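Report on the following structure.
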Amino acid sequence: MTPCTRPPSPDWLEEHWETWGREFAKRRDEDSQHRFNWRTWQGKPLNIRLLPLLSEMTDSHCAYCDWFPMDTGTDPTIDHFHPKAHFPQLAYAWENLYLCCRQCQEKDDNRFTEELLRPDEPGYGFERFFIYKYANGEICPNPAATEKEQQRARLTIDIFKLNSRGRPQARKRELKRFRERFHESVPEDRDEWISESPFRYLLCEESGDMFANIPHV
Ligand SMILES: [Zn+2]
């Protein structure tokens with residue numbers, strides 16, 4: 001999870017999200033089988049309106065696992081952080097929406113807890129909550145964090161399955177590629193290719209300093 005800053009809600013969403021959420025909640029109350037479909041506003045489905053705005057927020061990376069690019073079998077979807085089945089009134093709340101890969105979208109919504117981390121939470125930083133294990137590519141709670149922070153990191157890894165489905169191997173691959181490219185690249189180009197890599201939290205801004213600390217395994 002790479003930190004990001006949420007831009008202000010678009011005006012049209014700010015104006016209507018509560019009404020739209022109430023309407024969806026009412027339909028769910030009347031019929032528990034009622035399925036969520038993005039509504040259309042001024043002739044355009046809301047998910048089509050929202051995708052580019054949410055993509056901009058995370059630089060087109062999955063908000064949770066930081067996967068990129070999203071068109072390689074993991075086309076982008078919009079995730080409701082507070083699951084819409086349990087929080088239907090938040091179905092259109094701007095702060096509740098994240099760009100998300102198909103894998104992260106498959107999380108078990110029945111396990112939702114407010115302790116889950118989100119990348120635009122004030123004070124969130126990868127290093128604060130997690131450490132990366134070079135040996136096996138897994139991320140783990142930072143042992144130097146408070147107990148509460150470690151618990152939040154653990155739940156986040158567990159619910160988003162951040163250490164399964166090939167992600168540790170993909171992290172190792174990406175880091176190897178990073179090392180190779182790092183030597184061949186000039187600093188001015190690095191920001192650009194880091195922004196187009198998955199797992200940016202490993203290759204972060206301080207790439208120079210960070211690279212010096214990467215043990216050769
Ligand atoms: Zn993801």
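What follows draws every value from the coordinates through simple rules; no lab data is involved. Here the structure is a predicted model, which is why all the values come from computation and not from measurement. When we count neighbours, we look across all protein chains shown, and the Cβ atoms used for this are built from the backbone with ideal geometry, even at glycine.
Annotations
- Test item: Cα-centred dipole of the chain, Lys/Arg +1 and Asp/Glu -1 on Cβ, debye: 860 debye
- Backbone N under 14 Å from the Ser32 label point (7 Å along Cα→Cβ), restricted to region 63-99: 85-86
- The alpha carbon centroids of region 176-198 and region 32-103 are separated by 29 Å.
- Computed about its Cα centre, the charge dipole of region 79-189 is approximately 560 debye, with only Lys, Arg, Asp and Glu carrying charge at their Cβ.
- With distances taken between every two different alpha-carbon atoms, the chain has a Kirkwood hydrodynamic radius of 18.6 Å.
- Projecting the Cα atoms of Met57, Pro7, Ala93 onto the dipole axis of region 3-123, where Lys and Arg carry +1 and Asp and Glu carry -1 at the beta carbon, places Ala93 farthest toward the positive end.
- Rounded to the nearest 20 debye, the dipole magnitude of region 1-84 is 300 debye, with +1 charges on Lys and Arg beta carbons, -1 on Asp and Glu beta carbons, and the Cα centre as origin.
- For region 85-142, the relative contact order comes to 16 percent (Cα pairs under 8 Å, sequence separation of at least 6).
- Note on the chain: Lys pairs 8 or more places apart or on different chains, Cα atoms under 27 Å apart, count 18.
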